[in-house]
Amino acid sequence: MKNRNAFKVILYLVLTVASFAMVFPLIPLIFASLKGATEFNDTGPLTPPKNWFNFHNFAVAWTQGNLAHAFFNTGILLSVSLVGTILIGTMTAYALDRFDFKGKKIIVWSFLIATLVPGVTTQVATFQIINKLNLYNTRLSGILLYLGTDIISIYIFLQFMQSIPKALDEAARIDGAGHFTIYFRIILPLLRPAIATVIIIKGIAIYNDFYTPFLYMPDPNLGTVSTSLYRFIGPFSASWQVICAATFLVILPTLVVFLALQKYIYKGLSTGAVK
Amino acid sequence: MIKERTKRQFIPWFYVAIPLGLLALLTFLPVINMFRYSVTNWDGVDPTRQYVGMSNYGKVFTDPEIFHTLFVSIYYFGGAILQIIFALFLATVLSYGLRGANFYKSLLVFPFLLNAVAVSLVFRFLFRGGDGLGPGGLDVLLQHLGLGRFVTQWTGNPHVVNFSLAGVSIWRYIGFNIVLFLGAIQSINPELFEAAQLDRANRWHQFRYIILPGIRRITALSVILAVSGSIAVFDIPYIMLGGANGSTTFVIATVKTAFNLGRVGLASSLAVVLLGIVLLVTFVQRTLFKDEQVDLV
């Protein structure tokens, strides 16, 4: 019995040390974000702030750093890309799972091959195409790239669709429903759990993406959360307490979403990995 | 009825037209163009471009600045292996179902979900010091722990910078490995553990003979993916340091060659080499895990 308790203590110790390593890097940042300029310069990074409710830096970051506009831009990209991904992904999965047609094998293979090409390798050439389409420095470039290079969602939908009985379609067809009615009224609602998974993993990926807005939308007016935060480095380098506040503001939505949807996120991560 | 059948030949094309078009435009066309550009000296703007044969590919292995980036990826690969070992250990501990395990799990996984720029700034601030700005959080912690002699320029010293960055990479990605490993451990038949307890097998034996074989595949898969992952590192070293102090990775070199130096031809050959490495790694992975492929047709 004694042995068992000692073992438990060791396990807790291991977990505590590991968790501390994960949390520690954020502590100086949170402390700094709540300090005034002189306090920031006079105190060490691990000294807690005098006033825990000094939100001045957050206000500066939100207004002068244009973070408000950045959240708006990211919001647009997120909503349009997510709706588009869901429509495109579910429609593709519907066509591939419910129809037998010539050329189906080729389509499946071309999607399969595309998963092998990591997006970051082809940016050099993709950039030229976006440029030729006159989409450089437009929101549409980001949206197109998020829609067009996402094959994992299609797989998630396809896998889930295979578990929806085909008898449902047949019954609807006998009742006179057309293919679009079947897709829209029967398949789409039943895909809800898969849609939730896709929204979570795709949503996090878009919110965190740096290189798409950085390379394709350098116009500060189109700045997303990532690129706007990146632009803090130059102008605010003399007041890191503001950069820290801005960083915390970017982390905050992730924290809220994570706490609310933890279970689904764990599930989404494992599903997305096994492509 | 025949009419209905022909109709069903055409309907699906209506559903797949857009994704197929995007796939062709944004994945296949760039890959083809990349090969075409890679044998030219194109600058990305000039309407003309000259054929230069394989000379761009030669530069990948002769230009010391580009060749050096391949060594940088070794740090990340080493980091990835450490990360897999830590994750395996932590996932095993979490699988014992201790009280509060979920709380610890969320702390370990949370960093994986964070924005790349936010992570970069968190660590730029943590690592600061040595540049007249006063000590960073890490230095102060080390001093408190009596380890002050280890204080160094975490990102300013070219001999240290890639260790620091590999450390950041572990911090960022370990949670993902933990989720995968924990999922694999929890899908092991619980009867095996019950039988082991009846046989009075200790924790180590349970780990060695039940857990380890149960997660062998996902571990091997993680190691294989670490190879391509460590060459494709981009955002953290780029955002934190712009690739300075010897932290330039292969992808940073590619992006800079194309977008800052305007040498699209050379950058394309770098991208082709990277694609080749990734395809090779995937090929090895598919060969080793043939029986695990999901049949989609």
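We did not get these values from a lab; they are worked out from the coordinates using the rules stated. None of the values given here were measured: they were computed from a predicted structure. For neighbour counting, all protein chains shown are included, and Cβ atoms are generated from backbone atoms with ideal geometry for every residue, glycine included.
For this structure, a couple of remarks:
- Mean residue ellipticity (222 nm) of the protein assembly as shown, computed from DSSP H runs ≥ 4 via -39,500 (n - 2.57), nearest 500: -22000 deg cm²/dmol
- Partner aspartates and glutamates for residue A:50 [C-alpha distance under 13 Å; skip if fewer than 8 residues away on the same chain]: A:39, A:42
- For residue A:138, the amide hydrogen comes within under 5 Å of no other amide hydrogen, counting only partners 5 or more places away or on other chains and with H modelled in the peptide plane.
- Inter-probe distance in nm under a simple model that places probes 7 Å from Cα toward Cβ, at residue A:190 and residue B:147: 5.6
- Peptide A:41-49 is shielded by partner chain Cβ atoms: per residue, an average of 4 of them sit within 10 Å of its Cβ.
- Segment A:7-77 shape via C-alpha gyration tensor axes, a/c threshold 1.5: oblate
- Pairs from the table (A:35/B:105; A:202/B:7; A:132/A:202; A:202/A:263; A:102/A:166) lying more than 25 angstrom apart at Cα are A:35/B:105; A:202/B:7; A:132/A:202.
- The mean number of partner chain beta-carbon atoms within 10 angstrom of a residue's beta-carbon across peptide A:24-36 is 4.
- Given charges at Cβ of Lys, Arg, Asp, Glu: chain A dipole, positive-most of A:23, A:99, A:38: A:99
- Between the listed residues B:74, B:48, A:108, the Cα displaced farthest toward the positive end of the dipole of the protein assembly as shown, a dipole computed from Cβ unit charges relative to the Cα centre, is found at A:108.
- Mean partner shielding of peptide B:102-111, defined as the number of other chain Cβ atoms within 10 Å of each residue Cβ, is 6.
- Ranked by how many other beta carbons lie within 10 Å on average, peptides A:148-156, A:226-234 from highest: A:148-156, A:226-234
- Remark: segment B:77-93, residue by residue, has Karplus-estimated 3J(HN,Hα) of 5, x, x, 5, 5, 4, 4, 5, 5, 4, 5, 4, 4, 5, 5, 4, 4 Hz, where x stands for each Gly or Pro and the curve is 6.51 cos²θ - 1.76 cosθ + 1.60 at θ = phi - 60°.
- The protein assembly as shown - Rg over Rh from alpha carbon coordinates, Kirkwood radius: 0.98
- The string of couplings for segment B:272-281 from the Karplus curve (6.51, -1.76, 1.60, θ = phi - 60°) is 5, 4, 4, 4, x, 5, 4, 5, 4, 4 Hz, one whole number per residue in order, with x for Gly and Pro.
- For segment B:150-162, 3J(HN,Hα) per residue [Karplus equation, 6.51 cos²θ - 1.76 cosθ + 1.60, θ = phi - 60°, Hz, x = Gly/Pro]: 8, 4, 8, 7, 4, 10, x, 9, x, 7, 10, 3, 6
- Simple Cβ-charge dipole of the protein assembly as shown, Lys/Arg +1 and Asp/Glu -1, about Cα centre, in debye nearest 20: 980
- With Cα atoms defining each centre, segment B:149-215 and segment B:22-101 are spaced 25 Å apart in the structure.
- Proximity of backbone amide H atoms, modeled 1.01 Å from N, is registered between residue B:40 and B:52 at under 5 Å, excluding neighbours fewer than 5 places apart on the same chain.
- Distance between segment A:189-210 and segment A:13-69 - C-alpha centres, whole angstrom: 30
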